[in-house]
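S.K.: Here you go, one structure.
The values are calculated or read from the model by the stated rules, or taken from the named source; none is laboratory data. This one's a predicted model, so the numbers in the text were calculated from it and none came from an experiment. Glycine gets a Cβ as well: all are built from the backbone with ideal geometry, and neighbour counts include every protein chain shown.
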Amino acid sequence: MKRHNRNISMLVHFIMILVVIVALFPVLWSCVISIKSVGEKISGFSALSISNPTLANYKRLFQLIPMKEQLFNSVFTTLVGTATTMFFCPLAGFAFAKYRFPGRDVLFYFVVATMTIPAEVASVPLFMIMKKIGLTNSLWSLILPRLTTAVGVFYLRQYIMDVPDEILEAARIDGCSDFKIFWRIVCPMIKPALASWASITLVARWNDFFWPLLFLTKRTKQTLMVSVAQLPLADGLATPWQVILAGTTLVIVPSIIIYVVIQSFQKDGAFEGAIKG
């Protein structure tokens, strides 16, 4: 029986390793091609061999893209957008989880129901609103409409519901205000959930393509993701694949770094959720 279990465990680990290799291969391939000279072979497994590595592709990339402005745009919208969402989503989740008010359940079910509606459906009216208030070609057009999200409110509300009411009542007896209870007691108790939601939001905001393409038409106002997607057109359809993949590598590296930094908190959240379940 032990031998049988060991064989199954080895098979499972082999399959997992194979899946990881398949998933990481496109990333590795992009990184390798991005430092190959233009004209070198970029297809097949032999393309992974590098004879003359060069950073010329990145230099050309910086010539095609206003890197300073667009890097700032991406970092600003990602960090500010994540920070605002990380404040308002748990705050709304706290209200839905721990307060009793007329229509609470109906309102919450309405919020959850909006998760079934694709965000792109609201693109036209949202664009008209942004244009009406003068926020087109403004980075705030990527932040204000998404101060809270239905997914974030639902996800964090489920964690906050597991916070014992007795602790909150004891804090009220000690004279804590409602906001202080939320900030000093609830938020520290749901740190794993907040870390997981932060990583999801950071990656999603960094990789955002549709909304920057819709709201930001000026080149200096665009984000890196939009410019990299438009690289094939940036040089009259003559941009080499090496340069395009240099841009691709540049935008995927931050996502990987975010995951590596926050993965320990995500593991804590997974284990805590399993114990609560």
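Residues are listed down the side, and each one gets a yes or a no for (1) surrounded by fewer than 18 Cβ atoms within 10 Å (Cβ to Cβ); (2) more than 28 Å from residue 222 (Cα to Cα); (3) modelled with pLDDT under 90:
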residue: 19; (1), (2), (3): yes, yes, no
residue: 63; (1), (2), (3): yes, no, yes
residue: 70; (1), (2), (3): no, no, no
residue: 105; (1), (2), (3): yes, yes, no
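Residues are listed down the side, and each one gets a yes or a no for (1) under 23 Å from the mean Cα position of the chain (by Cα); (2) assigned by TED's automatic domain parsing to the domain that holds residue 144; (3) within 24 Å of residue 246 (Cβ to Cβ); (4) basic (Lys, Arg):
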{"residue": "9", "(1), (2), (3), (4)": "no, no, no, no"}
{"residue": "16", "(1), (2), (3), (4)": "no, no, no, no"}
{"residue": "31", "(1), (2), (3), (4)": "yes, no, yes, no"}
{"residue": "41", "(1), (2), (3), (4)": "no, no, yes, yes"}
{"residue": "45", "(1), (2), (3), (4)": "no, no, yes, no"}
{"residue": "49", "(1), (2), (3), (4)": "no, no, yes, no"}
{"residue": "64", "(1), (2), (3), (4)": "no, yes, yes, no"}
{"residue": "71", "(1), (2), (3), (4)": "yes, yes, yes, no"}
{"residue": "78", "(1), (2), (3), (4)": "yes, yes, yes, no"}
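S.K.: Here is a list of conditions, (1) over 22 Å from residue 123 (Cα atoms); (2) charged (D, E, K, R); (3) assigned to a helix (DSSP H, G or I), and residue 205 meets all of them except one; can you say which number that is?
M.R.: (1)
S.K.: Only one of these is among the hydroxyl-bearing types (Ser, Thr, Tyr), over 24 Å from residue 114 (Cβ atoms) and buried (at least 20 other Cβ atoms within 10 Å of the Cβ): 201, 223. Name it.
M.R.: 223
S.K.: To continue, here is another question. Is it true that some residue in the stretch 197-210 is of a type in the set (Ser, Thr, Tyr) and touching a helix residue (DSSP H, G or I) at 6+ places or on another chain (Cβ under 9 Å)?
M.R.: Within the stretch 197-210 (the criterion being of a type in the set (Ser, Thr, Tyr) and touching a helix residue (DSSP H, G or I) at 6+ places or on another chain (Cβ under 9 Å)), the answer is yes, since at least one residue qualifies.
S.K.: Taking the stretch 14-41 as the search range and keeping residues that are in a loop (DSSP other than H, G, I, E, B) and touching a Ser or Thr at 6+ places or on another chain (Cβ under 7 Å), which one is farthest from residue 53 (Cα to Cα)?
M.R.: So the residue we want is 37.
S.K.: Next question, about the same structure. Output the residues belonging to the stretch 50-81 that are farther than 16 Å from residue 34 by Cα and not hydrophobic (A, V, I, L, M, F, W, C).
M.R.: Within the stretch 50-81, 66, 68, 69, 70, 73, 74, 77, 78, 81 qualify.
S.K.: Only one of (1) surrounded by 10 or more Cβ atoms within 10 Å (Cβ to Cβ); (2) at pLDDT 85 or above; (3) outside the structural domain of residue 230 (by TED's automatic domain parsing); (4) of a type in the set (Val, Ile, Thr) is not met by residue 114, so which one is it?
M.R.: Answer for residue 114: the failing condition is (3).
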